[in-house]
Amino acid sequence: LILKSKDGTKKYMMVRLYPLIGNEEKIYACVFTATDLTERKKIELALRKSEELQRALFTSSVDPILITDINFKTIAANPALEKLIGYSSDELRRNTFPPHSSFDPHLVEEWIEKCKTGKGVSGYETIILSRKGDHIPVSMTISPIKNIKDELRYISFWIRDIKEHKRIQEALRISEERMRLLLQSAEDIVLMQNLDGKILYYNGATKYGLTPFEVV
C-alpha cells in the first residue's frame with residue numbers, strides 16, 4: 001500500500017493480515033502488521049532508473065557491444081553489433097562469440113584471468129567473420145562484469161570496426177613506400193634537416209660516394 005503520513009510524505013507499506021481463531025474454530029479478531037518499505041522502494045526505483053539508462057545506452061550505442069558469460073556464450077548483443085556482422089541477437093545467443101570464428105584457447109584463458117583480476121583487455125585487434133563471410137577487422141575492449149561478491153559473472157566486448165582505419169593505414173604505407181622508392185632512385189641528393197640543421201634523412205645518391213648512414 002501507498003499511504004500518506006501526517007506531513008504529507010508518501011510511505012510504502014507492506015501489510016499482512018492474520019486471523020485469530022478461538023476454541024470453536026471461529027475467527028474472533030484480526031491482526032494487521034505493517035512494514036515500512038519506503039527506503040527499499042527508493043533504492044528499487046533508483047536501480048530501475050539506472051538499469052533503464054544502461055539499457056538505453058546499450059541499445060543506442062553506435063559501437064557494437066556484446067555481453068557473454070565466462071565461456072563466451074552470448075547473453076546480449078546490441079543493434080550495432082547485429083548490423084555489423086549480420087546476425088540477430090537470437091542467433092548470436094545460440095553461439096559462442098564470434099560465430100564461425102575462433103580465438104586461441106590460451107588467449108581466451110589469458111583474457112579470463114585478466115577479467116578475474118579486474119584488468120580486462122584494451123585495444124585487441126582481430127578479424128571476425130560476418131554472416132556473408134566478410135572478414136571484418138575490429139578492435140575490442142574486453143571488460144569484466146562482476147557480482148557483489150567480486151566474482152566474474154559476465155564479460156563485455158566493446159567492438160570498433162577499424163576497416164576504414166586499416167584502409168587508410170595501408171594507403172599511407174603504399175604512399176610512403178612509393179615516396180621512398182622515388183627518393184632512392186633519384187640521382188640528385190635529397191636531404192631532410194631539422195631546424196637546428198641536423199640531417200635526419202639522406203636518399204643515398206650513390207654517385208657521390210656517401211652512404212645514408214654516414215650522412216645522417
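A single entry from Asn71, Asn95, Asn78 fulfils the requirement of being within 16 Å of the chain's Cα centre (by Cα) and more than 14 Å from Asp161 (Cα to Cα): Asn78. Checking each residue in region 69-95 for being within 12 Å of Phe157 (Cβ to Cβ) and of a type in the set (S, T, N, Q) picks out Thr74, Asn78.
Close Cβ contacts (under 9 Å, 6 or more residues apart or on different chains) running from residues in region 1-30 that are under 21 Å from Lys41 (Cβ atoms) and without any contact (Cβ under 8 Å) to a residue 40 or more places away in the chain to residues that are among the small types (Gly, Ala, Ser) and not in a loop (DSSP other than H, G, I, E, B) comprise Leu1/Ala34; Leu3/Ala34; Met13/Ala34; Met14/Ala34; Val15/Ala34; Arg16/Ala34. Within region 161-178, which residues are part of a helix (DSSP H, G or I) and within 19 Å of Asp134 (Cβ to Cβ)? Once the filter is applied, which keeps residues that are part of a helix (DSSP H, G or I) and within 19 Å of Asp134 (Cβ to Cβ), region 161-178 yields Lys163, Glu164, His165, Lys166, Arg167, Ile168, Gln169, Glu170. Consider Thr38 carefully, then state whether it is of a type in the set (Val, Ile, Thr), at pLDDT below 90 and more than 30 Å from Cys115 (Cα to Cα). Yes, satisfied. Leu210 passes every criterion in (1) surrounded by 13 or more Cβ atoms within 10 Å (Cβ to Cβ); (2) outside any loop (DSSP other than H, G, I, E, B) apart from (2). Going by the structure shown, is Lys146 at pLDDT 85 or above, touching a Gly at 6+ places or on another chain (Cβ under 8 Å), more than 25 Å from Thr59 (Cα to Cα) and open to solvent by 50 Å² or more (accessible area, probe 1.4 Å)? Spelling it out, it is not the case that Lys146 is at pLDDT 85 or above, touching a Gly at 6+ places or on another chain (Cβ under 8 Å), more than 25 Å from Thr59 (Cα to Cα) and open to solvent by 50 Å² or more (accessible area, probe 1.4 Å).
Scanning region 74-110 for residues that are at pLDDT 85 or above and among the hydrophobic types (A, V, I, L, M, F, W, C) returns Ile75, Ala76, Ala77, Ala80, Leu81, Leu84, Ile85.
The values are calculated or read from the model by the stated rules, or taken from the named source; none is laboratory data. Note that the structure is a prediction, hence the values are computed from the model and not measured. Note: ideal-geometry Cβ built from the backbone for every residue, glycine included; neighbour counts use all protein chains shown. Surface accessibility is based on the protein's heavy atoms, side chains included, excluding ligands, DNA and RNA. Shrake-Rupley method; radii C 1.70, N 1.55, O 1.52, S 1.80 Å.
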